[in-house]
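Inspection log for the structure reproduced underneath, given as C-alpha cells.
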Amino acid sequence: STHNPVFPGNFLWGAAIAANQAEGAWNVDGKGPSVADAVQAKPKLSVKDYAGHMAISDQNVADALNGLKDIDYPKRRGIDFYHRYKGDLALFAEMGIKALRVSIAWTRIFPTGEDASPNEAGLKFYADLFTEMRKYNIEPLVTLSHYEMPLVLSEKYNGWVHRNVVDAFVRFSNVCFDRYKDLVRYWLTFNEIDSIIRHPFTTAGIREEKSAEDIYQALHHQFVASAMVTRDCHQKIPGSQVGCMLTKLTTYPRTCHPGDVEATLKKNLENYFYADVQVKGYYPPLIKRDLELRGINIEMQPNDLAIMRQHTVDFVSFSYYMSMTESVQPDAERTPGNTVLGVKNPYLPASEWGWQVDPVGLKISLLELYDRYQKPLFIVENGMGAKDVVVDGKIHDEYRIDYFRSHFEQMLAAVHEGVDLLGYTSWGTIDIISAGTSQMSKRYGFIYVDQDDEGNGTLERLRKDSFYWYKKVIATNGADL
Ligand code: BG6
C-alpha cells in the first residue's frame, strides 16, 4: 500500500554462511587446502586485533599443505556442515527461510586450482546440497569466491597478483555454471571484493611483497575475472542474476569540522569504488588519479577495460554490520569494526568486539547505494557476534533479537522510501567459525552449535529464542517484528 510500510510480497528472507567457516571436512573426498585452512587460532591475542588474527606464517602454510596440526586451525573443522547439511537444512526450512547464501569451496572442485579435470566428489556435494535446498523451496544464492582460494595458487603465484589465476577462476566458475545451471539462478562473484586492501591473504592469497601495487594488480585481476564470469553466467544460464558484493563501511564525520567532513568523504568514496567498477564498468576518475598520484601502475591486457565495461552486475549485494566515524584529530578514540579500525562514535553502543551497533546506518547505506546505482540491492550479511549462554538447553538471546528487529525496522523504512530491495540473508543462520578471529564463541546464528573455541563439544544443534522470533518475522513477511 502507499501508506503502510510493507516488505514486497516476493521478498527473499534468508540466511548466509560460507563454505570455509561451516563445512569442515577440509581434506575429505579430494578437497585441496585453501587459504582458510592455513589460518591458525590465536587465543592469546586481543579479539580486537584483526590484523594479528589474520597474519599467516610460513609454518601455517606448510602445515596446511602437509595436512598437519588439525587442532589449531578451526576453519578446517567448521561445524561439520559437510556431513550434517541435511539436518541443518531441515532446521532452516523449519524457520521458513526462502533463500540461503552459501559459497562453493574452489578447492573441492579444483584441489590445486589448475588440475587437469574437476573433482567429481566435490561437484556432487554441491549438486546434492542445492537439490536438497530446492526440496524445501530454498533459493540458493551462491558466492564463487569467499575467502577460500586454493593455497597452491597462493604459493605458486602469490595469489591473484598473477594473471594465470584469472584463467583458473574463470575455468572453475564455468564448471560450476555448467553443472548447476538448473539449480542456481542467483550468483555472487567475490565476497567483499574490497577486503583485498585489508586482508590480502585470505581474500586473494597474496603473501609476499604486499606492496600497494601488487594489491591493486590483484584487485584488477578480480575485477576482470568478475566481468568475465558475469558474461559466462549470463550466456550459460538464461535469466541468471549476478551480483557484486561490498563490505558496506558507512562512515560519518566525527564533527562538522570541514577537515573531518573531507576525510569522511574520502573514506566513503574509497568504499564505493569497488562497487562503482562492477556496476558502472569503469574505474572512477578520482580513483584513477589517486592511483596515479601514489605512483601505482596497473598492468592491463588490451580487452580488460572493454570486458569490464560490457559485463556489469545485475544487482548490488553487501554486508552491513556496523558504521564507522572519521576524524582528523590525532587523539580521537578509536574502536574496531569489521576488519577496520575507526574513530569511536559517542552515540552508539558497541559489541564485545568493539563493533558499533547502528541500525540507522543500514538505512543510510540502503538509501545511498540505491541513489548511486539505481540497481536492485540485496543485503547478504548482517548480524551480531555475541557469546551465548545455554541454560537448561535454551538460549535466551534477546540482544540478538533486538539487533535484528532494529535493523529490520530501518530496512522497512528504506523500502517504504523507495529502495528496491530483493532480499536479506542474515549472517550466519547457524553458529560457525568467525572469519576474523577464528573463534567459535563469536556466535551469529539462530541455531546454536555445541562446540567451543578448541573444538570440544557434541556439535549438537539447538534452537535459540531468536530462531522462533525470525520464524515469526518470515511468516508475517516482516509485519510482526
Ligand atoms: C564478513 C565476512 O566480513 O563478516 C564473513 O564475509 C564474516 O565471512 C563476517 O564471518 C563476520 O565477521 P567475523 O570476523 O565476526 O566472523
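For Ser406, the test of being touching a residue at least 12 places away in the same chain (Cβ under 8 Å), small (Gly, Ala, Ser) and under 22 Å from Ile17 (Cβ atoms) is failed. Entry remark, region 310-334: residues being outside any loop (DSSP other than H, G, I, E, B) and without any contact (Cβ under 8 Å) to a residue 60 or more places away in the chain number 1 in total. Before we move on, is Glu326 out of contact with any Cys (no Cβ under 6 Å at 6 or more places or on another chain) and over 23 Å from Arg372 (Cβ atoms)? Answer is no for this residue. Selection of first residues in region 7-25 that are more than 9 Å from Ser103 (Cβ to Cβ) and modelled with pLDDT of 95 or more and of second residues that are hydroxyl-bearing (Ser, Thr, Tyr) and assigned to a helix (DSSP H, G or I), restricted to Cβ pairs under 7 Å at least 6 apart or on distinct chains, gives the following pairs, ordered by first then second residue: Glu23/Tyr82; Gly24/Tyr82; Ala25/Tyr82.
Looking across region 100-128, not a single residue is surrounded by fewer than 23 Cβ atoms within 10 Å (Cβ to Cβ), of a type in the set (A, V, I, L, M, F, W, C) and in contact with a strand residue (DSSP E or B) (Cβ under 8 Å, 6 or more places away or on another chain). Screening Thr131, Thr112 for residues that are touching a Gly at 6+ places or on another chain (Cβ under 8 Å), among the β-branched types (Val, Ile, Thr) and in contact (Cβ under 8 Å) with a residue 24 or more places away in the chain leaves exactly one candidate, Thr112. Within region 182-198, the set of residues being among the basic types (Lys, Arg) and either away from the ligand (no atom under 16 Å from the Cβ) or under 14 Å from Val316 (Cα atoms) (or both) comprises just one member, Arg185.
Only a single criterion out of (1) away from the ligand (no atom under 16 Å from the Cβ); (2) surrounded by fewer than 17 Cβ atoms within 10 Å (Cβ to Cβ); (3) part of a loop (DSSP other than H, G, I, E, B) is not satisfied by Lys375, namely (2).
Yes or no, residue by residue, for (1) surrounded by fewer than 24 Cβ atoms within 10 Å (Cβ to Cβ); (2) of a type in the set (Phe, Trp, Tyr); (3) assigned to a loop (DSSP other than H, G, I, E, B):
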site	(1), (2), (3)
His3	yes, no, yes
Trp13	yes, yes, no
Trp26	no, yes, yes
Pro43	yes, no, yes
Asn60	yes, no, no
Leu65	yes, no, no
Lys69	yes, no, yes
Arg76	no, no, no
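If you filter region 321-369 down to residues that are within 15 Å of the ligand (Cβ to nearest atom) and of a type in the set (Val, Ile, Thr), you find that the one that is farthest from Asn382 (Cα to Cα) is Thr335. Within region 151-205, the set of residues being in contact with a helix residue (DSSP H, G or I) (Cβ under 7 Å, 6 or more places away or on another chain), of a type in the set (Ser, Thr, Tyr) and outside any helix (DSSP H, G or I) comprises Thr189 only. Note on region 243-267: residues that are free of Cβ contacts under 8 Å to residues at least 40 places away in the same chain and among the polar types (S, T, N, Q) total 0. Counting only strands (runs of 3 or more DSSP E) that sit completely within region 379-481, those holding 1 or more residues that are under 17 Å from the mean Cα position of the chain (by Cα) and more than 16 Å from the ligand (Cβ to nearest atom) correspond to 421-427.
Which one of the conditions (1) more than 23 Å from the chain's Cα centre (by Cα); (2) touching a residue at least 24 places away in the same chain (Cβ under 8 Å) does Val229 fail to meet, given that it meets all the rest? Of (1) more than 23 Å from the chain's Cα centre (by Cα); (2) touching a residue at least 24 places away in the same chain (Cβ under 8 Å), only one is false for Val229: (1).
The values are calculated or read from the model by the stated rules, or taken from the named source; none is laboratory data. Quick caveat: nothing in here was measured; it's all calculated off a predicted structure. Cβ atoms come from the backbone with ideal geometry, glycine included; neighbour counts cover every protein chain shown.
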